[in-house]
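The values are calculated or read from the model by the stated rules, or taken from the named source; none is laboratory data. No experiment lies behind these values; they were computed from the predicted model shown. All Cβ positions, even for glycine, are placed from backbone atoms using ideal geometry, and neighbour counts span all protein chains on display.
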Amino acid sequence: MIIVFAGFIGLAIGSFLNVVAYRVPLGLSVVQPPSACPNCENQIRWYDNIPVFGWLRLRGKCRDCSEPISIRYPIVEAATGLAFALVAWLVGPSALLPGYLFFAGTTIALVLTDLDHKRLPDRIVFTGTGLTVALFIGGAIIENETDQLTPAFIGGAVYLLLFFVLFMVTPGGFGFGDVKLSFLLGFVMTYSGWRELVVGIFLAFLIGGLIGTGIILFTKRGRKTKMPFGPAMMAGAWLGALWGSGLASWYLGL
């Protein structure tokens, strides 16, 4: 029931994340005005705004002007629902689950904004960091795991220091948004353990390197093409937080 409930919550959150990813980089409110068609500017009816099903019901077109509605909207909604269900399955009925779910929503929103604008907006990074850490602290108290909090804060500081040094010594190699995001990622990974942090950092650079190599080999872009590194950082963080210890044991056993 927790997995199913988390999945339905994720569908609704995914709809909101579409709004966040579009409006926040433009400096707009995520509350007002209500969602409307960008072509005819008619407000979207509540029953057409149901995640995924609304888009399918309208066959991907505005009810009023028949302007196509991007398929990205239901994809983000469905992906968020699946991500929330997966996180609920992996974390289980724990007081830490709200923290992991909020972290999931934050990272999805940041992936979208980084891909669209090559930016990690402060409004999302700082809000996501503050509330995720607060939820983890509350969950740790309830689960009697407060001894995990000190390493988590230290791990967040270590990851932050690493990216600050990289930002200073490789001008243009990383954005300062990556630096600000690194504390949150380090905190979540190290809450599970130091192995998780090490694996997550390694995977972030591995994934980023593979994507960069693919861009060079299979597109016409040159080696100096700027690529958002935030998605690789967040992918590495999730893999590290959830499976870091197992991956480390597997690697050391080779």
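Answer yes or no as to whether Gly244 is assigned to a helix (DSSP H, G or I), under 19 Å from Phe103 (Cα atoms) and modelled with pLDDT of 90 or more.
Judged against the criteria, Gly244 is not a match.
Could you say whether any residue in region 108-121 is surrounded by fewer than 20 Cβ atoms within 10 Å (Cβ to Cβ), more than 15 Å from Val19 (Cβ to Cβ) and touching a Lys or Arg at 6+ places or on another chain (Cβ under 7 Å)?
yes
If Tyr47 satisfies all but one of (1) exposed (fewer than 14 other Cβ atoms within 10 Å of the Cβ); (2) in a loop (DSSP other than H, G, I, E, B), what's the number of the condition it fails?
Of (1) exposed (fewer than 14 other Cβ atoms within 10 Å of the Cβ); (2) in a loop (DSSP other than H, G, I, E, B), only one is false for Tyr47: (2).
Quick grid of which residues meet (1) of a type in the set (A, V, I, L, M, F, W, C); (2) surrounded by 13 or more Cβ atoms within 10 Å (Cβ to Cβ); (3) assigned to a helix (DSSP H, G or I); (4) touching a residue at least 24 places away in the same chain (Cβ under 8 Å):
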position: Ile9; (1), (2), (3), (4): yes, yes, yes, yes
position: Ser15; (1), (2), (3), (4): no, yes, yes, yes
position: Val20; (1), (2), (3), (4): yes, yes, yes, yes
position: Arg23; (1), (2), (3), (4): no, yes, yes, no
position: Val31; (1), (2), (3), (4): yes, no, no, no
position: Pro34; (1), (2), (3), (4): no, no, no, no
position: Asn39; (1), (2), (3), (4): no, yes, no, yes
position: Gly54; (1), (2), (3), (4): no, yes, yes, no
position: Ser70; (1), (2), (3), (4): no, no, no, no
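Got at least one residue in region 54-76 being over 16 Å from Asn39 (Cα atoms) and in contact with an Asp or Glu (Cβ under 6 Å, 6 or more places away or on another chain)?
Scanning region 54-76 turns up at least one residue that is over 16 Å from Asn39 (Cα atoms) and in contact with an Asp or Glu (Cβ under 6 Å, 6 or more places away or on another chain).
Does Phe174 count as part of a loop (DSSP other than H, G, I, E, B), over 17 Å from the mean Cα position of the chain (by Cα) and under 22 Å from Trp238 (Cβ atoms)?
Considered against the rule, which asks whether it is part of a loop (DSSP other than H, G, I, E, B), over 17 Å from the mean Cα position of the chain (by Cα) and under 22 Å from Trp238 (Cβ atoms), Phe174 comes out as yes.
Please give the number of the condition Met168 fails out of (1) touching a residue at least 60 places away in the same chain (Cβ under 8 Å); (2) part of a helix (DSSP H, G or I); (3) not basic (Lys, Arg).
(1)
Out of Leu86, Leu82, I need the residue that is assigned to a helix (DSSP H, G or I), free of Cβ contacts under 8 Å to residues at least 60 places away in the same chain and not β-branched (Val, Ile, Thr). Which one?
Leu86
Here are some conditions: (1) under 30 Å from Leu184 (Cα atoms); (2) surrounded by 15 or more Cβ atoms within 10 Å (Cβ to Cβ); (3) in contact with a Phe, Trp or Tyr (Cβ under 9 Å, 6 or more places away or on another chain). Leu90 meets all but one. Which one does it not meet?
The one condition Leu90 does not meet is (2).
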